[in-house]
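Rule-based calculations on the coordinates, nothing more; no lab input. From a predicted model like this one, the values you see are computed outputs, not experimental measurements. Using ideal geometry, Cβ is built from the backbone for each residue, glycine included, and neighbour counts are taken over all protein chains shown.
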Amino acid sequence: MNTLDGKVALVTGAGRGIGRAVAELLAEEGAAVVVNDLGTALSGEGADISVAQQVVDAIRAAGGRAVANTESVADYAAAGRMVEQALDEFGRLDIVVNVAGILRDRMIFNMTEEEWDAVIAVHLNGTFNTSRHACALFRERKTGGRIINFSSVSAWGSPGQPNYGAAKYGILGFTAVLANSMSRYGVTANAILPYAATRMIDSTPRGQEFARQHGKPPSEMAAGTEGDPANVAPMVAYLASDAAAGINGRFFGVRGYTIQLYSSWEIAAVLGADRRWTPQELAEFFPTCIDPLLEDVPTVEVPGQERPLRGTAALQHDSSAWEEFAPGIQQWVRTGYYAAKAAARS
């Protein structure tokens with residue numbers, strides 16, 4: 001028996017890259033899929049209705065069930081029609097995966113209002129639009145549901161992506177709200193921060209340099225490697241399944257063959273007093289109490305890596321910090337993070 005037999009999923013941005021890989025795996029696991037993709041350029045301009053249909057054709061050829069939807073997630077009413085299409089075609093909706101996105105990269109001092117609005121409209125508003133209509137259905141039905149949103153490590157401060165980074169950070173906050181507000185109806189909401197060699201990566205300076213060196217962009221050489229978008233899909237399928245009913249409000253990084261659990265804004269330290277602080281006291285005590293926790297662990301230069309590893313990524317490079325659970329399966333836990341920071345300061 002497949003893990004998603006009898007389920008129905010809506011996957012946005014499912015015409016290419018990660019979205020397509022997700023749609024195809026959900027179908028392989030037994031779900032019927034509404035494949036949404038407007039077929040735009042990476043900037044969000046233009047449209048090609050054949051993009052979604054090609055994925056539908058591939059799913060059907062493999063014995064699965066799917067229908068195409070070629071409307072924009074940025075359109076609130078269109079998002080409602082996506083949910084209605086799932087009900088009309090397959091009789092129900094159980095899973096919403098919000099992958100759709102565009103790029104309009106620019107440094108903050110060069111970005112136009114239109115470039116800001118366009119990216120926010122697709123990523124943040126689009127995630128709200130589909131979730132809003134699905135949640136109304138899930139609340140009325142009261143038999144559960146799965147919402148899986150896509151964020152990005154660009155949320156941590158990618159310099160040339162103020163619109164994209166802000167939208168992706170907003171998606172994390174929105175996911176937490178969904179998790180808290182919809183759990184009473186048996187609905188879970190989680191977020192994925194993926195890495196894969198897609199056309200978004202092709203468009204970056206690193207992707208363009210890769211293309212100059214290798215004659216092809218990263219996305220065209222990703223199949224079967226750690227950059228393959230298909231590597232992201234299994235975690236989505238798991239979160240969409242009944243087996244993940246107890247996982248809610250969590251953020252997972254998925255990169256190659258690794259799955260990372262993010263801390264979800266937990267308090268890291270507390271400095272307390274029996275009265276109101278003065279600025280002078282904070283200036284006195286911060287350097288010895290809180291500042292050590294703000295220090296980065298030393299960077300690690302790794303042969304073959306384009307950038308030095310920092311923070312927890314640097315600590316993961318230490319093979320002795322990993323615990324083996326089974327052949328080919330290991331786990332790294334952040335137990336030594338603050339110890340490493342303290343050592344770096346001393």
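For the range 130-169, the set of trypsin sites (Lys or Arg not before Pro) satisfying both a DSSP loop assignment and a count of at most 11 other C-beta atoms within 10 Å is given as Lys142.
Could you list the square roots of 5 times each eigenvalue of the Cα gyration tensor of the chain, that is, the equivalent ellipsoid semi-axes, sorted largest first and rounded to whole Å?
On the way: eigenvalues 251, 118, 96 Å².
The equivalent ellipsoid of the chain has semi-axes of 35, 24, 22 Å.
Of the trypsin sites (Lys or Arg not before Pro) found in the range 251-333, those in coil by DSSP whose Cβ has at most 12 other Cβ atoms within 10 Å are Arg275, Arg276.
Subtracting the Cα-Cα distance from 0.36 nm times the residue separation, let me have the gained length for Asp5 to Tyr238 in nm, one decimal.
Numbers: separation 233, 0.36 × 233 = 83.88 nm, distance 1.28 nm.
Difference between extended and current length: 82.6 nm.
Under Stokes-Einstein, with the Kirkwood radius over Cα pairs as Rh, the value for the range 1-122 at 20 °C and 1.002 mPa s is 146 µm²/s.
The label-point distance for Ala61 and Ser183, in a model that sets each label 7 Å from Cα toward Cβ, rounds to 4.4 nm.
Between Trp322 and Ala273, the modelled label-to-label distance comes to 4.6 nm, taking each label 7 Å out from Cα in the direction of the beta carbon.
Considering every Cα-Cα pair within the range 234-293, what fraction, in whole percent, is farther apart than 13 Å? Here the tail beyond 13 Å accounts for 74 percent of pairs.
Expected output is a single nm value to one decimal: the length gained when fully extending between Val300 and Asp48, i.e. 0.36 nm times separation in residues minus the C-alpha distance. What is it? Intermediate values should be presented prior to the final figure.
Details: separation 252, 0.36 × 252 = 90.72 nm, distance 4.42 nm.
Between Val300 and Asp48, full extension yields 86.3 nm more.
Output ³J(HN,Hα) for the range 103-109: one whole-Hz value per residue in order, computed from phi by the Karplus curve 6.51 cos²θ - 1.76 cosθ + 1.60 with θ = phi - 60°, and x for Gly and Pro. So the J values, rounded to whole Hz, are 10, 9, 6, 5, 5, 4, 6.
Label point of Ile247 set 7 angstrom out along Cα-Cβ; within the range 130-169, amide nitrogens under 13 Å from it belong to 147-149. The relative contact order of the range 107-171, computed from alpha carbon pairs under 8 Å that lie at least 6 residues apart in sequence, is 47 percent.
Computed extension length for Ile329-Phe285: 11.5 nm, one decimal, from 0.36 nm per residue of separation with the Cα-Cα distance subtracted.
Scan the chain and report its longest stretch carrying no GluC sites (Glu not before Pro) that are both in a DSSP loop and have at most 13 other Cβ atoms within 10 Å. Here the longest run is 46-225.
Modelled label positions at Glu84 and Lys142, each set 7 Å beyond Cα in the direction of Cβ, lie 2.6 nm from each other.
Just to verify a number: FRET efficiency for Asp75 and Leu293, C-beta to C-beta distance, R0 = 41 Å, to 0.05? Show your work: numbers first, answer last.
Values: r = 44 Å, r/R0 = 1.08.
Result of the calculation: an efficiency of 0.40.
Summing charges over all other residues whose Cβ lies under 11 Å from the Cβ of Gly80, with Lys and Arg as +1 and Asp and Glu as -1, gives -1.
DSSP loop (so not H, G, I, E, B), at most 14 other Cβ within 10 Å: list which chymotrypsin sites (Phe, Trp or Tyr not before Pro) in the range 109-176 pass both filters. Walk me through the intermediate numbers first.
Numbers: sites: Phe109, Trp116, Phe128, Phe138, Phe150, Trp156, Tyr164, Tyr169, Phe174; in loops: Phe109.
Qualifying residues, ordered by number: Phe109.
Taken over the range 100-149, the convex hull of the Cα atoms encloses 71 Å³ per residue.
Where both partners of a DSSP beta bridge lie in the chain, what percent of those bridges are antiparallel, to the nearest 5? Before the final figure, lay out each step's value.
Details: 9 of 36 bridges.
Rounded to the nearest five, the antiparallel share is 25 percent.
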